[in-house]
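Contents: one structure, followed by commentary.
The values are calculated or read from the model by the stated rules, or taken from the named source; none is laboratory data. As the structure is a prediction and not an experimental result, all values here were calculated from the model. Cβ: placed from backbone, ideal geometry, glycine included. Neighbour counts: every protein chain shown.
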Amino acid sequence: MSISVRGIRKNFGQFQALDDVDLEIPDGQLVALLGPSGSGKTTLLRIIAGLEFADCGTVQFDGKDISDQSARDRHVGFVFQHYALFRHMTVFENIAFGLRVRPRLLRPPEHEIRDKVNELLSLIQLKNQARRYPSQLSGGQRQRVALARALAVEPAVLLLDEPFGSLDAKVRQELRHWLRQLHDKVHITSVFVTHDQEEALEVADLVAVMNEGHIEQVGSPEEVYNRPVTPFVYNFLGNVNIFHGRVDDGKAYIQETDTGNLAFVRPHLLEIARQPNGTNHFRATTTHINSAGPVVKVDAITEWGAPVHVEMSQERFQALRLAKNELVFVTARDIAVFGKERVS
Amino acid sequence: MASIAQTQFRAASAPHSSAAGVATSEPAVVRWVLIGIAVAFLAIFLFLPLAVVFGTAFQKGIEVYFQVFRDPDTQAAIRLTLLAAGIAVPLNVVFGVSAAWLIGKFEFFGKSLLITLIDLPFSVSPVVAGLIYVLLFGLQGLLGPWLIAHGIRIVFAVPGIVLATIFVTFPFVARELLPMIQSQGNDEEEAALTLGASGWQTFFRVTLPNVKWALIYGVILCNARAMGEFGAVSVVSGHIRGLTDTMPLHIEILYNDYQFVAAFAVASLLALLALATLVVKSIAEWKAVQQSAAQSAADTERAQ
């Protein structure tokens, strides 16, 4: 089912959580709402779920306006950040809950409920834990139960609020892959909220980057990472060097003096050379080199005294035989220049 | 009310006690003196009176003890007490659960006023509570003449006793439930909602089971107070033997008539009720600790 969000606004007292948000989510896609805390991403998710209602604007499922429907009637699966499992019920009963509360005429017979729950238990690889209570499970297991519980009612849309936010790094990584695989299998339109750019870029088909109650950019992970349309997106997705800059005749320049514009360059798009390369370079002095890991990180000070970060491959680093406190020439392969007033 | 908070505190502080125990320990003398004071206090104010109650009740043998309960006035008093508690407790359960749910789960105008009102019976002397009903429904009262004209008797009759009992037991259930409901947040209810559960289903399948032990404890306390209430009931009762005497009032009458065995025999019933309350309270607390321990384990994991 496709979801479209049109002109959503939401205030909590004085605080403006969402300011005129539009978002189109195509059918069957896995979409990430990515942003720092307070950017309104969870509020947007809860409005889509019907757990919160917008002050104005509409939410449509498959073109049908459902803005006034309650969460109960929207048939969404919602996975809460802290799982929200029913603590007095076993894993089995947690998953069966959505089927058991159906009106009598729509309720499947007991053996069907049992089959369905068992099927989901094997999907989440927790068949042996069916009789356990949520308090006896690990965080990752609880998260999977929460997901199975949401899937049991065969929702039209799956919404996940920081699904891996409270798990440790390793489990997080595993569950991330597992969610991606699950989505490839089930193909249910899914939206998940995250503040972790790596998570969003790795898992999602489409990433919506949010900041201060509005959407900055929507695009594929490749698009938002390589072609950010706002300084915020540039800054939020990955490391970046910020310089004064200007654009002249379609060419971007990095400058020493304040031009009113800012130039953004990713560390891996800066190249270090020992010899000057025409005029297209600036001088810098290396201050620190971190060569542990697949990428070598070099810190340097530019000729006008600003810090700059450069990343290069191990091969390149070996070839340069770079050391601390050396004078080098830095060339930018790609610069994005934005008006200064748009950088917050 | 305080006990739930205490048990949660105990559960939370338990892991540290072994480490902190060494550093904050007192010399043996101090410990034994403190323990001695506590035991002596309990003995004088609790165990001794309890022993006296049962001792006096069985003074003239078990035969005489049971003879007391064959007296029609005593039977009437027990019946009336059961009736008053039987009406007051269910009503206060309904009220208490809805009030705690309302206050715990929603934000609305006048919330703090409602909380204050719930606590009112705790802060008002029961005698004043009784007098309120006399002033409202009594012969010279505000609504008295109208009630008399329609042949309705409230004061010095059973309805007055029930009303007074409801008033004094008003806060117990709500006060027990409130901290529990507040601490649990809305997550599970929202989850139930997205899974298609109706409001009632959510309430009976999710909210209520989660506060089950606090509710049971609240009901026990409410019941104990309903059966034991003296002041408020005394004012509205009129002390008509066999008609408007509850157990506590009957005990006073018997005692004033120098029927010590009879007085203490009836009193022993109330004492038994107190003991039963203590047992159920311990079970409820134990369960609540288990529940909160499981929850805090979940919370620590969540925090990591």
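Contact map, region B:35-53: first residue under 24 Å from B:Ala267 (Cα atoms), second residue of a type in the set (Ser, Thr, Tyr), Cβ cut-off under 9 Å, separation 6 or more or different chains; pairs are B:Val53/B:Ser268. When you look at A:Ala292, is it at pLDDT 85 or above, surrounded by fewer than 16 Cβ atoms within 10 Å (Cβ to Cβ) and in a loop (DSSP other than H, G, I, E, B), yes or no? For A:Ala292, the condition - at pLDDT 85 or above, surrounded by fewer than 16 Cβ atoms within 10 Å (Cβ to Cβ) and in a loop (DSSP other than H, G, I, E, B) - is met. Under the condition of being part of a loop (DSSP other than H, G, I, E, B) and either in contact with a Lys or Arg (Cβ under 6 Å, 6 or more places away or on another chain) or among the charged types (D, E, K, R) (or both), the residues counted in region A:221-237 number 1. When we screen B:Leu208, B:Leu249, B:Leu254, B:Leu215 for residues that are outside any loop (DSSP other than H, G, I, E, B) and either at pLDDT below 85 or more than 24 Å from the chain's Cα centre (by Cα) (or both), the only hit is B:Leu254. On the stretch given as region A:134-174, residues that are facing chain B (nearest Cβ under 9 Å) and of a type outside the set (A, V, I, L, M, F, W, C) total 10. Taken over region B:166-180, the criterion of being under 22 Å from B:Pro90 (Cβ atoms), away from chain A (no Cβ under 14 Å) and of a type outside the set (Gly, Ala, Ser) is satisfied by B:Ile166, B:Phe167, B:Val168, B:Thr169, B:Phe170, B:Pro171, B:Phe172, B:Val173, B:Arg175, B:Glu176, B:Leu177, B:Leu178. In region A:112-133, of all residues being charged (D, E, K, R) and surrounded by fewer than 17 Cβ atoms within 10 Å (Cβ to Cβ), the one that is nearest to the other protein chains (Cβ to nearest Cβ) corresponds to A:Arg132. Name the single residue, out of those in region A:62-71 being of a type outside the set (Val, Ile, Thr) and touching a strand residue (DSSP E or B) at 6+ places or on another chain (Cβ under 7 Å), that is nearest to the other protein chains (Cβ to nearest Cβ). Going through the qualifying residues, I end up with A:Ser67. What about A:Val79, is it of a type in the set (Val, Ile, Thr) and under 27 Å from A:Glu119 (Cα atoms)? Yes. Name, by its number, the condition in (1) within 14 Å of another protein chain (Cβ to nearest Cβ); (2) buried (at least 22 other Cβ atoms within 10 Å of the Cβ); (3) part of a helix (DSSP H, G or I) that does not hold for A:Leu179. Looking at each condition in turn, A:Leu179 falls short on (1).
Conditions (1) over 18 Å from the mean Cα position of the chain (by Cα); (2) at pLDDT 85 or above, marked per residue:
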residue: B:Phe106; (1), (2): yes, no
residue: B:Phe109; (1), (2): yes, yes
residue: B:Leu113; (1), (2): yes, yes
residue: B:Ile118; (1), (2): no, yes
residue: B:Leu139; (1), (2): yes, no
residue: B:Pro145; (1), (2): yes, no
residue: B:Val155; (1), (2): yes, no
residue: B:Ala164; (1), (2): no, yes
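Does A:Val218 satisfy being outside any loop (DSSP other than H, G, I, E, B), touching a helix residue (DSSP H, G or I) at 6+ places or on another chain (Cβ under 6 Å), more than 14 Å from every other protein chain (Cβ to nearest Cβ) and closer than 27 Å to A:Lys10 by Cβ? It is false that A:Val218 is outside any loop (DSSP other than H, G, I, E, B), touching a helix residue (DSSP H, G or I) at 6+ places or on another chain (Cβ under 6 Å), more than 14 Å from every other protein chain (Cβ to nearest Cβ) and closer than 27 Å to A:Lys10 by Cβ.
Just one of the numbered conditions (1) buried (at least 16 other Cβ atoms within 10 Å of the Cβ); (2) under 16 Å from A:Val337 (Cβ atoms); (3) over 25 Å from the mean Cα position of the chain (by Cα); (4) charged (D, E, K, R) is not true of A:Asp248: (1). Does region A:97-111 contain at least one residue that is facing another protein chain (nearest Cβ under 8 Å) and free of Cβ contacts under 8 Å to residues at least 12 places away in the same chain? Taking every residue of region A:97-111 in turn, at least one turns out to be facing another protein chain (nearest Cβ under 8 Å) and free of Cβ contacts under 8 Å to residues at least 12 places away in the same chain. When B:Val68, B:Val53 are checked against the criterion of being at pLDDT below 85 and within 30 Å of B:Thr169 (Cα to Cα), B:Val68 stands alone in meeting it. Residues in region A:264-289 that are at pLDDT below 85 and crowded, with 17+ Cβ neighbours inside 10 Å: A:His281 alone. For residues that are in contact with a strand residue (DSSP E or B) (Cβ under 8 Å, 6 or more places away or on another chain) and surrounded by fewer than 21 Cβ atoms within 10 Å (Cβ to Cβ), scanning just region A:72-104, find the one that is farthest from A:Gly139 (Cα to Cα). Per the criteria, the residue is A:His75. Would you confirm, using the coordinates I've provided, whether B:Leu195 is more than 26 Å from A:Pro103 (Cβ to Cβ), of a type outside the set (Lys, Arg) and within 14 Å of chain A (Cβ to nearest Cβ)? The answer is no for B:Leu195. One residue stands out in region A:192-215 among those that are in contact with a strand residue (DSSP E or B) (Cβ under 9 Å, 6 or more places away or on another chain) and assigned to a helix (DSSP H, G or I): the one that is farthest from A:Phe264 (Cα to Cα), namely A:Val203. Of the residues making up region A:240-273, those that are touching a residue at least 12 places away in the same chain (Cβ under 8 Å), of a type outside the set (D, E, K, R) and outside any strand (DSSP E or B) are A:Val240, A:Thr257, A:Thr259, A:Gly260, A:Pro267, A:His268, A:Leu269. Would it be correct to say that B:Asp119 is out of contact with any Pro (no Cβ under 8 Å at 6 or more places or on another chain), in contact (Cβ under 8 Å) with a residue 24 or more places away in the chain and of a type in the set (Asp, Glu)? Taking the combined requirement at face value, the residue does not satisfy it. Only residues that are assigned to a helix (DSSP H, G or I) and surrounded by fewer than 20 Cβ atoms within 10 Å (Cβ to Cβ) were counted across region B:69-103, and they come to 18.
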